[in-house]
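Notes for the one structure printed next.
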Amino acid sequence: MLCLFWALGSLRSDLIPHLSQEDIPQLAKQSIPFAVLAILAAVFAAVRQSQWPRRELLRWSILVGLGMFAVPALLVHFTRGWLSDLTRVALFSLTPVFAVVLEPFFVDDAQQGKGDLLAALSAVAGILLFIPVQAPGSPAAGVAFCAAVLAAACVASANCLAVKTATRMETETLAPMAAIAAGGAALLLILFSALTEQPTWAWNALGPEFAWSAAFDVPGLLLLFWLMRRMSAVRMTARFLLTPWLAGLIALPFLHPSVTLRAGLGLFLIAAGAGWLLFGPNDDAQKNDLQLKLHL
């Protein structure tokens, strides 16, 4: 469901062009769902009288919001003139690869399967077969290319830290963590919007933007935080593979009714790689099975 929300969001300008508002500054528009989530989560935490994180957990919650949402958005925003949207999507498919490598450094009992790295790389190969990637044609484009890779690594690191933070939170709900993370991301995006973008606003465009955020973006973010206690970081980053896969399946009937052999192979590799990351066995499960057999 999370990937479906993200896939619909990525296809918004293609499927519903009249709802694509260009009168709102881009960074300010990206801050809207985080601001809405921060307010809702803060109110929910106050009603439930949840304990707010302090010291280390507070710092980690802030870093999760900045690393998972704000910093990657800023890197993409300031390099958008040298990097196409499809190339950016392809580069962000490296996020699960980084998560496989980085998760053991963040989570002591990280549950990973021996084939996770191969599955992630296979899915990236599928993305490259399905999505045309433009090689950098200038030094500026090369810097933008590296910035997108850095953004993917930043998201992977923040996902690992988010799982670690969520498992150490003593509250029943993650609403305080979500409020801090989303609020920090929204504030940073609004700050950079005020410093770098035109201050003119089309206030009549805010209604459709808030409606879209409430219907798709915020529920997706809520699902993301809900999964932090229920999935490993590697499995959570599989959304960067499934989202373009779902978007491709949804867009194919409208944009490309016929599927080439290369695109079909790419879709298969993406599904196979993401499926292994989500449902494949991990080392702990294999160890427990072995111990059970030896015991019997």
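The values are calculated or read from the model by the stated rules, or taken from the named source; none is laboratory data. Just so it is clear, the model here is predicted, and its values are computed rather than measured. Note: ideal-geometry Cβ built from the backbone for every residue, glycine included; neighbour counts use all protein chains shown.
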**Item:** Failed criterion for Val143 (all others in (1) in contact (Cβ under 8 Å) with a residue 60 or more places away in the chain; (2) touching a Gly at 6+ places or on another chain (Cβ under 9 Å); (3) not charged (D, E, K, R) hold)
**Value:** (2)
**Complete:** Of the residues in the stretch 29-83, those that are surrounded by fewer than 19 Cβ atoms within 10 Å (Cβ to Cβ), assigned to a loop (DSSP other than H, G, I, E, B) and of a type outside the set (Gly, Ala, Ser) come to Gln49, Gln51, Trp52, Arg54, Arg80
**Request:** Could you tell me whether the stretch 212-233 includes any residue that is more than 20 Å from Phe44 (Cα to Cα), assigned to a helix (DSSP H, G or I) and hydroxyl-bearing (Ser, Thr, Tyr)?
**Result:** no
**Message:** What's the number of the only condition in (1) hydroxyl-bearing (Ser, Thr, Tyr); (2) assigned to a helix (DSSP H, G or I); (3) modelled with pLDDT under 80 that Thr243 fails to meet?
**Reply:** (3)
**Complete:** Contact list, first residue from the stretch 84-108 and buried (at least 20 other Cβ atoms within 10 Å of the Cβ) and small (Gly, Ala, Ser), second anywhere and at pLDDT 90 or above and not in a helix (DSSP H, G or I), beta-carbon distance below 6 Å, six or more apart or interchain, is Ala99/Thr237
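Restricting attention to the stretch 124-138, does a residue exist that is under 18 Å from the mean Cα position of the chain (by Cα) and among the polar types (S, T, N, Q)?
To start, the set of residues in the stretch 124-138 that are under 18 Å from the mean Cα position of the chain (by Cα) comprises 124, 127.
Retained after the next criterion (residues that are among the polar types (S, T, N, Q)): none.
For the stretch 124-138, residues under 18 Å from the mean Cα position of the chain (by Cα) and among the polar types (S, T, N, Q): absent.
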**Item:** Flag if Ala156 is hydrophobic (A, V, I, L, M, F, W, C), under 17 Å from the mean Cα position of the chain (by Cα) and on the phi < 0 side of the Ramachandran plot
**Value:** yes
**Item:** Scope the stretch 119-140; condition free of Cβ contacts under 8 Å to residues at least 60 places away in the same chain and either in a helix (DSSP H, G or I) or hydrophobic (A, V, I, L, M, F, W, C) (or both); matching residues
**Value:** Val133, Ala135, Pro139, Ala140
